[in-house]
1. If you scan region C:169-203, which residues turn out to be away from chain B (no Cβ under 14 Å), touching a residue at least 24 places away in the same chain (Cβ under 8 Å) and surrounded by fewer than 19 Cβ atoms within 10 Å (Cβ to Cβ)?
2. Identify the residue in region B:121-160 that is hydroxyl-bearing (Ser, Thr, Tyr) and assigned to a helix (DSSP H, G or I) and, among all such residues, is nearest to the other protein chains (Cβ to nearest Cβ).
3. Taking only region C:484-515 into account, find how many residues are surrounded by 12 or more Cβ atoms within 10 Å (Cβ to Cβ), modelled with pLDDT under 70 and either under 28 Å from the mean Cα position of the chain (by Cα) or of a type in the set (Ser, Thr, Tyr) (or both).
4. Of all residues in region B:404-414, which are among the aliphatic types (A, V, I, L, M), within 11 Å of chain C (Cβ to nearest Cβ) and buried (at least 20 other Cβ atoms within 10 Å of the Cβ)?
5. When A:Leu45 is evaluated against the numbered criteria (1) buried (at least 16 other Cβ atoms within 10 Å of the Cβ); (2) without any contact (Cβ under 8 Å) to a residue 24 or more places away in the chain, which criterion, by number, is the only one it fails?
6. Against the conditions (1) surrounded by fewer than 23 Cβ atoms within 10 Å (Cβ to Cβ); (2) hydroxyl-bearing (Ser, Thr, Tyr); (3) closer than 21 Å to C:Gln623 by Cα, where does B:Thr286 fall short? Just the number, please.
7. If I go through region B:104-120 residue by residue, how many of them are more than 8 Å from chain A (Cβ to nearest Cβ) and of a type in the set (Val, Ile, Thr)?
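The values are calculated or read from the model by the stated rules, or taken from the named source; none is laboratory data. On a predicted model such as this, the values are computed, not experimentally measured, just so you know. Using ideal geometry, Cβ is built from the backbone for each residue, glycine included, and neighbour counts are taken over all protein chains shown.
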Amino acid sequence: MNLDTIVFLVSAVVAVFSATMMISQRNTVASVLYLILSLLAQAVLYIQLSALFLSAVLIIVYAGAIMVLFLFVVMLLNLRGNQDLGDKPSPVSRITKYLVSILLVVELVFIIRGIGFDTGTVGIMTLAADDFGSVAAVARILFTNYLYPFELTGVLLLVAIVGAVVVSKREKSYETPAGSGNMPDDRKKVEI
Amino acid sequence: MTDYVSILSIDLSLVAPELVLLAAAALILLFIPLRKMVFLAPVIAALAFILSFYLAVGQWHYSGSGFAGLVTCDSFGVMFKLIFLLASFLSLLIARRFFVIKGIDKPEFYALLLFSVIGMMVMANTVDLVVMFLGLEIMSIPLYVMAAFNRRSLESNEAGIKYFIMGAFASAFLLMGIAFIYGAAETTDFRRIVADFSYIVANYRIYLYAGTALILVGFGFKVAIVPFHTWVPDVYQGAPTPVTGFFSVAPKAAGFAVMLRIFLYGFERIELLADIFWVLAVLTMTVGNIMALRQDNVKRMLAYSSIAHAGYIMIALVVGGSEAISAAMFYLVAYTFFNIGAFAVVTILETRSGCKSDFVELAGIGKATPYLSAVLALFMFALAGFPPTVGFFGKFYLFSAAVKAGYIWLAVIGVMNSFVSVYYYLRVIKTSYMDPYEGQPAVVKLVPSIFLVLIITAVGTLGLGFFPQKLLELSQAALFAFL
Amino acid sequence: MFDYIFLVPLIPLLGFIFNGLLIGRVPRPLISLVGCLTVGVSFILSVFLFFALKSLPAEARFIEQVLFSWIPAGSFQVDVAFLLDPLSAVMILVVSGVGFLIHVYSVGYMHSDPGYGRYFAFLNLFTFSMLTLVLANNFLLMFVGWEGVGLCSYLLIGFWFEKKSASDAGKKAFIVNRIGDFGFLLGMFLIFWQVGSLHFDTVMKTAPLVFTAGGGLITAACILLFVGAIGKSAQIPLYVWLPDAMEGPTPVSALIHAATMVTAGVYMIARTHDLYLMAPDALMVVAVIGAATAFFAATIGLAQNDIKRVLAYSTVSQLGYMFLACGVASFAAGIFHLMTHAFFKALLFLGAGSVIHAMSAEQNMRKMGGLKKYLPITYPTMLVATLAIAGIPGFSGFFSKDEILWKSFSSHYGHPFLWVIGFVTAGLTAFYMFRLIYLTFHGQERMDDKTRHHLHESPRTMTVPLVILAVLSVVGGWVGMPHLFGVTNYFEHWMEPVMTPGYNASEGPLLASGGSDTGMEILLMVLSVGLVLAAIYAARYYYQKNIQAATALREKLSGLNKLLVNKYYVDEIYGAVIVRPVVYGSIFLWKVVDVVLIDGLANGLATIARDMAEVLRHMQSGQVRRYATLFVTGVLLVIAYFVFG
């Protein structure tokens, strides 16, 4: 067991653990903080795979920008503690939920177990120094071979922006819904 | 890692139809601040669809690949592009009037519609999993927003949120599947996966299979395969009706375009696939039909019916082979005509004030608007698969392809299911013609755009029923170039 | 001349389009004119076509007219094409001829109905569908007509949809028919799968090369097709829709029972008889079901009091005869009976319609009686029809029924037991039909004064068709007199080019001709005529002379056994030993099998579907977390299948 393996195991455990903690928290701020922790641990994994640029982007964009945005949203919405997260699910559906999740994990473990770990070639310590994963290398391939998906990603981001604007734009007469009469009935209908 | 592709060598005609739509979408977005130009938005979108259709037709015999192999243009993809364009053009014509009446006519809608179609065309126009995924997302995000487009209606907002959450969920699985496949094959290009197939199976069988399963889940969500269908009724019912009509056809066709490509032009060698599709197809059609039996809302009924129709089309995935696939394409074209037609009628009827497309609202329209209800009846007959509508031939080709390939039980179950479906389709006709109606006769105003939709869909439904061979030849030719 | 074949179905379609598009926009006379004239023209055309066909030499009487290629894709070739041969020529004559008379009759019968235009539109569509069905030269086009007929019957039976029973009956007819269609469709798939074509001529010619005679596949295909025929032609166990179909207007019943719809099954079997000849087991099934239906429906007919219901069960019974004929490979006899039956059954229904018209919509025969003098035209015409259906020598029904009975005895596929059933049924038929006549037209007048006051003969548009049909009911059978009488059997002769196919031509007495055992044939004929006369006498005895006896019999059966000792004691024992079990059996069949079992089964299936929907609804809770759970469960199962499977 070399240093690479130890680093890998530690950061992998942290990543999975904090991801789990993130979704099981009822306190949204704690959730966000766990997510940042998970992303940091993942960045370490990227470094181990020689994807230096990717790991930097992960930290700057996700842990930096997007997470801060999330925190702002959480604070603006002023959610505190266990409030405002709806009713608790019934015991049966809670048990099913856990059961299904655990089974899924078991299955995934089974799949991954199919391929043994080859510790010899994994990790930055053992890798020959070339420009793999550098900004230049990523950029070169991104703007030539992967130009099409790259441009598509641009379209995707544009779409997401337009969509977000449409959804969040203030509706003039939102308070007095036209057409439909009483809303509680509407909801009931949908839940048939 | 030295064989980079020069940007200059890229042939843009491969993506010309997409580019037209993109330009139109950008133009509409630019117009939004200019309040006086807003009325042009649907016109621009319609013109873009027509131009794009023309360009796509031009691609029919032009097969080629570009962008470092990430774009693959073939007549199979073109066939699906034409379906998307037809469906979205018809939906556009329906939507405008409805949105004006409901007071939610905003230019963004047309931009979103265009974007969504771009995503679908990207999906159909490639054999690379990454590009397929990007196409799927470009298609889906506008769909989520379109579902929630009627911001004044709680149902519509709920539909958008639900669709978004479930869609994100499905995308996660899809992405994981692609990762597994990449892990096994070290490529996302489909032709290379197929070329190395036996090697991959020998060494990384479990990754390949798990990846395939997850990809199935991801796209199965879009075409609403049971048990990944749960969002459909809520979203279809909540979304604005013209949007629902669009949902029921175009994204489904996109999902099938990818599934047919992935699962039948490469992965069919995974022998387990046919069996799992058999089970899922039977589940999908049966659950869809049985649930549709007891609905009080026409839109919700049509939602379940669209699930059932996905089940019929899945027969092609079980059977495989060019005959079944061309049958599936035939069915998708046919389905575009009569399902959009049905939604067009439902939309018109919903423009009456206070209507939510419940069954009871259909009572008496047989007397009040005899022609409209006759057209509605025609579409119901087509959905139920009666001759001489095209619906009959769609089912006939699918079932006979199943029988020819030896899947007799599948055909039997399909036929039985379509008999069950007769009940609820006829219920629409029965309600509109036979149920007593009290109060004022319905006032329904037909505007030219919707009239045009009804003409196109009705002529398509009946005309292709009398002369189905042209379409069948076309869908066979689409495969011919590919094989 | 043969270029005009396509006009035969097309003209009624034009009538449908005209009346359908202009509902409520045109005056009634124009509706009637278009509605009747279109069918009339198509009848005249049929007559011309018939004679044109007749002028050809026998082996050339096979005309195909390809209108356009419907689906010429690859190996799958289907044309919209019509086939005129002796069989379809007879069929179009019957369909358009009887259909025309019914259209004319409807003008009078429906004169005050608000849905007049709609009615004629549907009626024309019905005729069009049936003509398409019989003229089609391939299975698929036949199926189009087949579905069209089913759809029209749904629309017409449920014509008075304000009445719940009517719209229920329409639904029932439709659903039961769809069960049959299911079989037909599967049979069609099976044939296409094996033969690679749906073209009748190709299928019949290639079938001997593809199928092994008597093998499982051909038997399965024939039985599946027969399931379709069972549904359409109301045989056991799918006959239940036909009696309920009485809810529609009476001319519609006449159309369904006589000229169209129910005869489709018989026609289809005659059309595909080459296949059936290769599957003796399927033929046996056809014969047995036909005979059983003939008998049981007749027994049920004994216990009915509604005039239209008696006729409905008699139709089921007569259709059983036709299937019996087909089942003993005597297809010409089956079609012959189809034709004569079309005449007299149309007459009976139209007559019954006239009676109901006169009786202010009363259908219960117990409230009629003595109508003879009020209905001077209806009575004799109905009597003629009754004599025909009972099989009195000289009337049309005698010739066709007697031929079936003889063939069921003498044919290669026949069996004396089948003859016995047919023979007994003939007696029962005579009994219940004359019971109808005596209860309706003879004896005391049992209606109330108000109804009596209103009694009147129907208008000319209704009585003229009755008279024409009465004439046909007599002379219609003369074209098929048995060889026994020393004359040519024109009908059998006419059908010969169709009915003696290349296959099996050399294999002996498959299509057994009469005259092989003249003594036996005469004996059987005398026996059946004797039985019929006895049955008529019995009916007269119970329902005219001694109506109390009938009442007594009835009361005794309902458990009130007080009248055991009366002056008819001996006769009653005599009657009871035979009649009572039969009546009980028929009541059992009607009450238990029909109502409980079959209705129960149909409703049960519906309930199961509903309950399943109820269970499935719980999945659709509207809560995203449940959706997600279900989703993940699906993922689990799919992955597990791939990874562990």
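1. Listed by number, the list holds a single entry, C:Asp201.
2. My answer is B:Tyr144.
3. Counting residues in region C:484-515 that are surrounded by 12 or more Cβ atoms within 10 Å (Cβ to Cβ), modelled with pLDDT under 70 and either under 28 Å from the mean Cα position of the chain (by Cα) or of a type in the set (Ser, Thr, Tyr) (or both) gives 8.
4. Correct list: B:Ala411 only.
5. For A:Leu45, the exception is condition (2).
6. Single failed check for B:Thr286: (3).
7. Summing the residues that are more than 8 Å from chain A (Cβ to nearest Cβ) and of a type in the set (Val, Ile, Thr) in region B:104-120 gives 2.
Rundown of residues vs (1) part of a loop (DSSP other than H, G, I, E, B); (2) of a type outside the set (Asp, Glu); (3) touching a helix residue (DSSP H, G or I) at 6+ places or on another chain (Cβ under 7 Å), yes/no style:
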{"site": "C:His357", "(1), (2), (3)": "no, yes, yes"}
{"site": "C:Ala361", "(1), (2), (3)": "yes, yes, no"}
{"site": "C:Gly369", "(1), (2), (3)": "yes, yes, yes"}
{"site": "C:Lys372", "(1), (2), (3)": "no, yes, yes"}
{"site": "C:Leu375", "(1), (2), (3)": "yes, yes, yes"}
{"site": "C:Tyr379", "(1), (2), (3)": "no, yes, yes"}
{"site": "C:Met382", "(1), (2), (3)": "no, yes, yes"}
{"site": "C:Thr386", "(1), (2), (3)": "no, yes, yes"}
{"site": "C:Gly397", "(1), (2), (3)": "no, yes, yes"}
